[in-house]
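No value in this document is a laboratory result; all are computed from the given coordinates. None of the values given here were measured: they were computed from a predicted structure. Please note: Cβ atoms are built from the backbone with ideal geometry, for glycine as well, and neighbour counts cover all protein chains shown.
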Amino acid sequence: MPTITVITVTYQAGHELGRTAESVLAQDYAHVEHLIIDGASTDDTLTVAAAYKQRSDQAGNGHTVRIVSERDRGIYDAMNKGLALATGDYVVFMNAGDRLHSPHTLTEVAALVGDEGRRAAIVYGDTDVVDDEGRRLYRRRLTPPEVLTWRSFRNGMRVCHQSFYAATALCRDIHYDLQYRFSADVDWCIRVMKAAEKAGMPIVNAHQTLTDYLEEGQTTRNHRASLRERFRVMAHHYGLPVTIVMHAWFALRQLVKKGKN
C-alpha cells in the first residue's frame, strides 16, 4: 500500500494545529507520514506538535510524525523543505486549521492511486469550507472538473491545494517558486499537472469531498495582492490574451451578479 505524506506548515499556529493533527490521528489508514514544518514559532505550536506526536506514537496506528522547527523564508520555502523530507509515495499539503474530511479519507485516496504498474500522478477531490470551530459553511465555489488537466486552471484554481494529492516521485523536484508570495501553490499545481501529462500518468477524480478548509487564510487576508499575483501566474502558463479574456469574463459575471442582488 502507498504511504501518504501529509505536510503541515506552521508558524504561530498553536490555536489551529490541534484540529489538523486530530484529523490525521483519526485516520484509519496505517501508512501515513505527517511532517510538521515549523518556522521557529514562539507560541505554543511546538508544545501542541510534541503532544500530538506522543499521542500518535502511543496509538500504535502505524503513523510516523516528524517535527522540524527552524527559520524559513515563508510558507512556500517551508513547503519546499517538506517536499525534500517526504518519504511517502504521495504528498498532500494541509495548512494548520484544515482537516481531512473524514477518518476514511486517506484510505479512500490510497484505493484510487492504482497498482504499481500504472500509478496515478494525482488524486483530487472536492472541498468544504469550515469556520474556526470546524462547522461547515459551504461547498467551495470552484468545484473540480470531471476531467482535470493543467489547462483546467484557466478558469481559476478548480481544485483546492489541500485536495490535491501528488505522486512524490513526480513532484519532488518541482519546487514552489519563491517569487510568488500568495499564489505559488497555483503555479505548482499547474506545473505538476504538466509533468503528469508529459509522463503519461493518469489524474484521478475521487468524486468525493477530501478536505475541510479553514475559511480565513493568508490569500484571503491579502486578497487584492493575491489576485494580481494570480494574474501573473495565469499569463505565464496560458498566455496574456487568454488570461485577459478570462479575467474580463469573470469581472462581467461579478457585475451581473451584483446587479441581480
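So here's what we get for this one:
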{"item": "For the stretch 75-115: rounded, prolate or oblate by the Cα gyration tensor [a/c cutoff 1.5]", "result": "oblate"}
{"item": "Estimated 222 nm signal from helices in the chain, with DSSP H stretches of n ≥ 4 weighted -39500 (n - 2.57), rounded to 500", "result": "-12500 deg cm²/dmol"}
{"item": "Theoretical FRET efficiency, 1/(1+(r/R0)^6), r = Cβ-Cβ of Arg55 and Asp131, R0 30 Å, to 0.05", "result": "0.75"}
{"item": "Cα-centred dipole magnitude for the chain, charges only on beta-carbon of K, R (+1) and D, E (-1), debye, nearest 20", "result": "1380"}
{"item": "DSSP beta bridge pairing in the stretch 4-136, given as percent antiparallel to the nearest 5", "result": "5"}
{"item": "Helix axis angle, 240-260 relative to the chain longest principal axis, alpha carbon, degrees", "result": "90"}
{"item": "For peptides 123-132, 137-146, 159-168, sequence by mean Cβ density within 10 Å, most packed first", "result": "159-168, 123-132, 137-146"}
{"item": "Helix 14-25 axis, angle to the chain major axis (alpha carbon atoms, nearest 10°)", "result": "80"}
{"item": "Between 0 and 90°, nearest 10: helix 184-199 axis offset from the chain longest Cα axis", "result": "90"}
{"item": "Descending semi-axes in Å of the stretch 1-96, equivalent ellipsoid built from Cα gyration tensor", "result": "20, 16, 10"}
{"item": "Global form of the stretch 101-198, assessed from the alpha-carbon gyration tensor, a/c cut-off 1.5", "result": "oblate"}
{"item": "Cα Rg over Rh - the stretch 135-183, Kirkwood", "result": "1.00"}
{"item": "The stretch 158-218: C-alpha gyration tensor shape, a/c 1.5 cut-off, then a/b vs b/c", "result": "oblate"}
{"item": "Highest-fluctuation residue, Gln208, Gln27, Gln54 considered, GNM on the chain with Cα pairs under 10 Å", "result": "Gln54"}
{"item": "Whole-number D in µm² s⁻¹ for the chain, Kirkwood Cα-pair radius fed into Stokes-Einstein, 10 °C, 1.306 mPa s", "result": "84"}
{"item": "Counting DSSP beta bridges with both ends in the chain, the antiparallel % (nearest 5)", "result": "30"}
